[in-house]
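**Student:** Got a structure here, written out as structure tokens. Questions coming.
The values are calculated or read from the model by the stated rules, or taken from the named source; none is laboratory data. What you are looking at is a predicted structure, and each value in this text was computed from that prediction instead of being measured. Neighbour counts run over all protein chains shown; Cβ positions are idealised from the backbone, glycine included. Ligands, DNA and RNA are stripped out before the accessible areas are found, and what is left, the full protein with its side chains, is counted by its heavy atoms. Shrake-Rupley method; radii C 1.70, N 1.55, O 1.52, S 1.80 Å.
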Amino acid sequence: MSQNHNSQITNHTCDVLVVGGSLVGMTMGLLLAHQGVRVIVVEHHRGTAIHPRAAQITQRTMEILRSVGIEQIVRERSGEQFVQDGAIMAVDTLDGRELAHFIANLNEGIRDVSPCERVFISQSLLEPLLRRRADELGADLRYGTDVVSFEQDESGATATLRHRDNGQEEVVRTPWMVAADGAHSRTRDQLGISMHGHGTFSRSVTIYFRADVTSLLRGRNLSVIYVNNPTLRGFFRFEKPFDSGFLAINALGDPANPITDVATGLTEERARELVRIALGSDAVPITIENMMPWNAEADVAARFRAGRVFLAGDSAHVMPPNGGFGGNTGVQDAHNLAWKLAMVVRGEADEALLDTYEAERRPVGDFTTEQAYSRYVTRTAPYLGTDGMQPVAGDLDVELGYAYASRAVCGAAPPLHEHPSESHGRPGTRAPHVWIVRNGQRLSTLDLYEPRFTLVAARDGARWCAAASEAASRTGVRLASYRADVDFEDPERAFPDAYGIGANGAALIRPDGFVGWRSSARVEADQAVEVIAGALRAMTGR
Ligand SMILES: Cc1cc2nc3c(=O)[nH]c(=O)nc-3n(C[C@H](O)[C@H](O)[C@H](O)COP(=O)(O)OP(=O)(O)OC[C@H]3O[C@@H](n4cnc5c(N)ncnc54)[C@H](O)[C@@H]3O)c2cc1C
């Protein structure tokens with residue numbers, strides 16, 4: 001740290017500077033700190049989110065939170081806030097007719113594919129948990145601070161930070177920057193990166209209110225309730241003990257000719273009236289607490305990287321909330337980027353590894369954004385028509401079954417998405433979850449992996465494991481290794497088939513828990529080191 005000629009300006013250096021410290025930026029900071037990277041996270045607001053916003057958290061996001069040790073506390077808090085395992089359905093009013101059932105029980109039929117469950121926890125409860133863990137791990141978190149400008153050159157970026165309360169400025173020099181500054185990302189604008197897609201199709205509003213809806217729920221366990229009637233189209237979410245929640249409204253009036261600017265000029269009185277109509281009851285007193293305008297849009301950035309700066313979260317893709325994918329996709333961007341940045345910062349990988357971030361995450365961003373749009377059209381806005389709309393894919397395909405094709409994956413390109421139980425350890429897919437026992441403890445195979453490369457071998461794959469440490473020292477890549485029946489028990493004998501490696505093979509799992517390479521072959525002892533080292537070199541761009 002050094003003083004500049006202006007005593008208000010201090011120079012700092014870090015490995016990664018993250019612009020924006022909400023759901024995605026804070027996750028980025030947490031994951032980088034977990035990898036030992038010196039990270040500064042800069043957030044305009046003076047604290048974590050005050051509005052609930054994202055709440056539907058997928059199994060994949062929970063797996064990521066599990067890897068940094070906070071799955072359990074997130075589960076506990078989620079149970080205090082929301083009913084879990086609820087349904088997602090459509091009604092004409094809460095007290096009225098049920099129109100459609102999209103998901104009967106949020107976790108039914110999906111427990112086999114992951115050690116984690118889907119949960120509902122709003123950003124206002126989740127972000128403090130992320131913040132606390134990031135803090136424990138040494139991330140440098142700057143609230144109430146703006147990144148007011150930045151410039152980049154060949155070796156890094158120089159950003160000016162300004163504290164909102166005391167006006168104090170700091171200059172930060174960093175080799176890498178991540179823009180997690182949301183849908184209206186100024187960083188993205190400054191980089192000249194355009195957005196492409198369906199554009200904005202509604203000036204929506206979220207109305208936060210208090211009202212005791214217990215009698216209207218009639219004992220039903222509901223997580224998301226779409227409301228479609230001649231007055232409005234949107235969705236409800238209620239918190240325990242069912243005396244508060246929000247109504248997001250996307251359109252008003254005749255569905256054949258809807259008014260899609262809901263936000264402009266909305267008064268508190270009209271908001272109360274709309275909530276009353278959506279509840280379908282005059283008997284429940286309603287207090288409006290807040291109204292938040294937002295744009296329903298489905299757009300993806302043309303590039304996820306410009307020089308030393310990467311886009312993540314809503315700055316990279318903006319999608320309607322239908323399906324609950326937006327925040328989760330951003331968390332998964334951060335997870336994909338964190339290990340790559342960490343390896344480059346530590347000198348364990350070539351900078352070329354960082355090119356695989358866009359190669360892997362932009363197709364997923366495109367696919368997921370289209371899936372959110374398809375759900376918006378089919379659940380809320382059929383008036384938009386199905387021309388140019390992708391068919392609705394299975395929720396698990398979107399949440400867990402997305403796959404990567406890039407230089408950081410060895411093997412034929414997998415399908416862009418599939419049901420996770422179909423992947424069978426194909427390179428480019430999330431490594432399958434199998435319950436195992438290690439040191440007497442029941443674990444998931446996923447618990448073996450992060451945050452470094454891992455070789456997992458079948459029972460007769462001893463040669464692969466014997467070669468692992470030599471391959472690691474030849475490549476300079478940290479590598480752990482585990483063999484079935486030796487380093488862990490596979491009580492249900494599910495592991496070899498789940499990973500497609502037979503009795504003699506092995507797989508290399510990347511630090512993000514994705515399969516990078518695999519072989520079902522019985523390898524010759526003198527070849528194993530070079531095969532593993534070759535795969536590690538290919539994946540890390542060395
Ligand atoms: C009604 C609704 C319901 C939703 N439900 C879900 C759901 O159930 N599940 C789900 O996954 N997603 C959901 N989403 C989407 C989800 O809320 C977003 O995808 C997610 O919040 C994006 O997070 P982010 O961190 O990328 O961006 P943001 O949350 O927009 O955060 C960006 C942050 O950057 C800060 N910032 C901006 N510029 C600067 C700067 N120059 N300097 C410092 N700080 C800066 C801002 O203050 C802000 O805090 C929902 C969205 C809506 C509107």
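**Student:** Using a 1.4 angstrom probe on the protein heavy atoms only, could you order Arg478, Arg66 from most to least accessible area?
**Tutor:** Numbers: Arg478 110, Arg66 60 Å².
If we order Arg478, Arg66 from most to least accessible, we get Arg478, Arg66.
**Student:** What list of ³J(HN,Hα) couplings, whole Hz, do you get for region 519-528 from phi and the Karplus terms 6.51, -1.76, 1.60, once you set θ to phi - 60° and write x for glycine and proline?
**Tutor:** Going residue by residue, I get 8, 9, 7, 8, 8, 6, 4, 7, 9, 4 Hz, with x marking Gly and Pro.
**Student:** Tell me the carbon and sulfur percent of the accessible area for region 278-330, rounded to whole percent, probe radius 1.4 Å. Walk me through the numbers before you get to the answer.
**Tutor:** Numbers: 770 of 1510 Å².
Roughly 51 percent of what the probe reaches on region 278-330 is carbon or sulfur.
**Student:** What net charge do the residues around Ser244 carry, taking every other residue with its C-beta under 13 Å from that of Ser244, with Lys and Arg at +1 and Asp and Glu at -1? Before the final figure, lay out each step's value.
**Tutor:** Working: positive: Arg210, Arg237, Lys240; negative: Asp212, Glu239, Asp243, Glu289.
In short, -1.
**Student:** Given a Förster radius of 60 Å and the C-beta distance between Gln441 and Thr158 as r, what FRET efficiency does 1/(1 + (r/R0)^6) yield to the nearest 0.05?
**Tutor:** 0.80
**Student:** Compute, for His424, the solvent-accessible surface of its heavy atoms (probe 1.4 Å) with the complete set of protein chains present, and express it in square angstrom to the nearest 10.
**Tutor:** My reading of the accessible area for His424 is about 80 Å².
**Student:** Something else: Hey, what's region 401-542 come to in accessible area per residue, 1.4 Å probe, Å²? Walk me through the numbers on the way to the answer.
**Tutor:** On the way: 5690 Å² over 142 residues.
Per-residue accessible area for region 401-542 comes out at 40 Å².
**Student:** Among residues other than Gly47 whose Cβ falls under 14 Å from its Cβ, what is the net charge (Lys/Arg +1, Asp/Glu -1)?
**Tutor:** Working: positive: Arg46, Arg131, Arg132, Arg142, Arg164; negative: Glu43, Glu127, Asp135, Asp165.
So the environment of Gly47 carries a net charge of +1.
**Student:** Shifting gears a bit: With all protein chains present, how much of the accessible area of region 51-188 (probe radius 1.4 Å) comes from carbon and sulfur, to the nearest whole percent?
**Tutor:** Numbers: 2330 of 5530 Å².
Roughly 42 percent of what the probe reaches on region 51-188 is carbon or sulfur.
**Student:** Also, I was wondering about something else. Nothing charged except the Cβ atoms of Lys and Arg (+1) and of Asp and Glu (-1): what's the magnitude of the dipole of the chain about its Cα centre? Round to the nearest 20 debye.
**Tutor:** On the way: 55 positive and 68 negative charges, 103 e Å.
Here the chain has a charge dipole of around 500 debye.
**Student:** Let me ask something else about it. Counting heavy atoms of the protein chains only and a 1.4 Å probe, report the per residue accessible area for region 146-221 as a whole number of Å².
**Tutor:** Numbers: 3570 Å² over 76 residues.
With the other protein chains kept in place, region 146-221 gives 47 Å² per residue.
**Student:** Please work out the Cα center distance from region 351-389 to region 104-155, rounded to the nearest Å.
**Tutor:** Using only Cα atoms to place each centre, the spacing works out to 21 Å.
**Student:** Across region 335-347, in residue order, what do the Karplus-derived ³J(HN,Hα) couplings come to in whole Hz, using 6.51 cos²θ - 1.76 cosθ + 1.60 with θ = phi - 60° and x for Gly and Pro?
**Tutor:** With the stated coefficients, region 335-347 comes to 5, 5, 7, 4, 5, 5, 4, 4, 5, 5, 4, 7, x Hz.
**Student:** Further question: Any idea of the accessible area per residue across region 223-371, 1.4 Å probe, to the nearest Å²?
**Tutor:** Working: 4560 Å² over 149 residues.
Using a 1.4 Å probe on heavy atoms only, each residue of region 223-371 averages 31 Å².
**Student:** Something else: Using modelled amide H (1.01 Å from N, peptide plane; none on Pro or chain starts), what sits under 5 Å from the amide H of Ala251, excluding residues fewer than 5 places away?
**Tutor:** Answer set, sorted by chain and number: Arg233.
**Student:** How long are the semi-axes of the ellipsoid equivalent to the chain, from square roots of 5 times the Cα gyration tensor eigenvalues, in whole Å, largest first?
**Tutor:** Numbers: eigenvalues 322, 178, 82 Å².
Output for the chain: semi-axes of 40, 30, 20 Å.
**Student:** Between Ala256 and Met389, what is the FRET efficiency for a Förster distance of 25 Å, r being their Cβ-Cβ separation, to the nearest 0.05?
**Tutor:** On the way: r = 18 Å, r/R0 = 0.72.
Between Ala256 and Met389 the formula returns 0.85.
**Student:** Report the extension gain between Asp485 and Arg97 in nm, rounded to one decimal, defined as 0.36 nm multiplied by the number of residues separating them, less their alpha carbon distance.
**Tutor:** Working: separation 388, 0.36 × 388 = 139.68 nm, distance 5.51 nm.
Full extension from Asp485 to Arg97 adds 134.2 nm.
**Student:** First compute the accessible area of region 415-481 with a 1.4 Å probe, then give the percent of it belonging to carbon and sulfur atoms.
**Tutor:** Working: 1240 of 2710 Å².
About 46 percent, which is the carbon plus sulfur part of the accessible surface.
**Student:** Let me ask something else about it. Over what distance in Å are the Cα centres of region 67-82 and region 218-276 separated?
**Tutor:** With region 67-82 and region 218-276 each reduced to a Cα centre, they are spaced 28 Å.
**Student:** From the phi of every residue in region 61-72, what ³J(HN,Hα) in whole Hz does the Karplus formula 6.51 cos²θ - 1.76 cosθ + 1.60 yield, where θ is phi - 60° and glycine or proline is x?
**Tutor:** For region 61-72, the Karplus curve yields 5, 5, 4, 5, 5, 4, 5, 10, x, 10, 4, 5 Hz.
**Student:** What is the gain in length, in nm to one decimal, between Ala283 and Glu422 on full extension, counting 0.36 nm per residue of separation less the C-alpha to C-alpha distance? Intermediate results must be reported in sequence, preceding the final value.
**Tutor:** Values: separation 139, 0.36 × 139 = 50.04 nm, distance 5.00 nm.
Once the chain is fully extended between Ala283 and Glu422, it gains 45.0 nm.
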